[in-house]
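J.: Attaching a single structure in structure tokens format; questions to follow.
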Amino acid sequence: MKTIPARHKGKRLAKTILVINGPNLNLLGTRETAIYGSQSLADVEAALGEEARARGLTVHCFQSNHEGALIDRIQAARSEGVDFIIINAAALTHTSIGLRDALAGVAIPYVEVHISNVHGREDFRHVSLLADRAVGTLVGLGTAGYRYALDFAANHTVAPAGGATVWLAAKSSA
Ligand code: DHK
């Protein structure tokens with residue numbers, strides 16, 4: 001039987017996950033396909049939804065081309081009981097103090113995803129205003145990065161809050 005590491009005691013696994021996509025990612029599948037691939041955002045979100053259902057998770061997906069709408073969505077996440085955020089803020093990654101502050105304000109752990117390897121592209125894409133506060137970043141793995149991020153989120157422990165249903169203790173004794 002596995003023992004639960006002390007740092008995880010009293011915590012539970014993330015169960016409700018918000019996936020946020022920023023400007024121009026609604027064009028996935030038709031936009032610069034050599035860089036971003038041929039999968040549409042609807043394909044990506046459908047695959048995440050399927051994976052979530054299979055794992056008993058709830059995934060909410062949101063895309064906007066507008067900074068304020070993205071900030072509003074992040075702010076709403078706290079009262080909705082979102083445990084973990086997966087965010088590709090696209091171009092706003094490199095410019096938005098507002099998004100950075102919103103993520104810090106709700107204090108929900110997040111992973112940053114980029115489909116392309118931003119470090120192999122123009123200099124202005126090398127800077128992320130979100131990365132230093134992220135749990136981690138997934139960069140350059142194509143749209144598969146979202147799936148890997150979901151897998152990571154599903155194994156991420158969070159402090160208990162109302163509605164906790166997946167307890168680490170239950171998983172460890174399996
Ligand atoms: C997507 C964008 O739209 C760009 O503005 C970023 C990111 C990179 C991506 O690779 O997913 O610079």
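J.: Given the chain, what percent of its DSSP beta bridges are antiparallel, to the nearest 5? Walk me through the numbers before you get to the answer.
T.: Numbers: 3 of 21 bridges.
Bridges in the chain that DSSP calls antiparallel: roughly 15 percent.
J.: Label ALA159 and ILE97 with points 7 Å out from Cα along Cα→Cβ: what is the distance between them in nm?
T.: A separation of 2.8 nm, rounded to one decimal place.
J.: Can you tell me, using C-alpha contacts under 8 Å and at least 6 residues apart, the relative contact order of region 1-157 as a whole percent? Each step should come with its number before you reach the end.
T.: Details: 254 pairs, mean separation 44.2, N = 157.
Computed value for region 1-157: 28 percent relative contact order.
J.: With no solvent and one equal point scatterer placed on each C-alpha of region 14-158, evaluate the Debye formula and give log10 I(q)/I(0) for q = 0.12, 0.13, 0.20 Å⁻¹, two decimals.
T.: The Cα Debye sum returns log10 ratios of -0.42, -0.50, -1.29.
J.: Output the peptides 17-25, 150-158 sorted from most to least packed, where packing is the average of other Cβ atoms within 10 Å over each peptide's residues. Mind dumping the intermediate values first?
T.: Numbers: 17-25: 21.9, 150-158: 18.1.
Per-residue Cβ counts within 10 Å, averaged per peptide and sorted highest first, yield 17-25, 150-158.
J.: Run the quick spin-label model on HIS126 and ARG55: label points 7 Å from Cα toward the beta carbon, then report their separation in nm to one decimal.
T.: The modelled label-to-label distance comes out at 3.3 nm.
J.: Would you kindly derive the ³J(HN,Hα) couplings of region 118-124 from the backbone phi angles with the Karplus curve 6.51 cos²θ - 1.76 cosθ + 1.60 (θ = phi - 60°), listing them in order in whole Hz, with x for Gly and Pro?
T.: For region 118-124, the Karplus-derived couplings read 4, 6, x, 10, 4, 3, 5 Hz, x marking Gly and Pro.
J.: Please give the charge dipole size of the chain, origin at the Cα centre, charges +1 on K and R Cβ atoms and -1 on D and E Cβ atoms. Round to the nearest 20 debye. Intermediate values should be presented prior to the final figure.
T.: Values: 17 positive and 15 negative charges, 175 e Å.
I would put it at about 840 debye.
J.: A further question follows. Points 7 angstrom from Cα along the Cβ direction at PHE152 and THR30: gap in nanometres?
T.: 3.1 nm
J.: Provide the FRET efficiency to the nearest 0.05 for the ALA104-ASN65 pair, computing r from the beta carbons and using R0 = 25 Å.
T.: The formula returns an efficiency of 0.65 here.
J.: Neighbouring Cβ atoms within 10 Å as the yardstick, rank HIS119, HIS114 fewest first.
T.: Details: HIS119 11, HIS114 22.
The fewest-first ordering by Cβ neighbours comes to HIS119, HIS114.
Here, each number is a calculation from the coordinates, and none is a lab measurement. Keep in mind that this is a model prediction, so the values were computed, not measured. Reconstructed Cβ throughout: ideal geometry from the backbone, glycine too, with neighbour counts over all protein chains shown.
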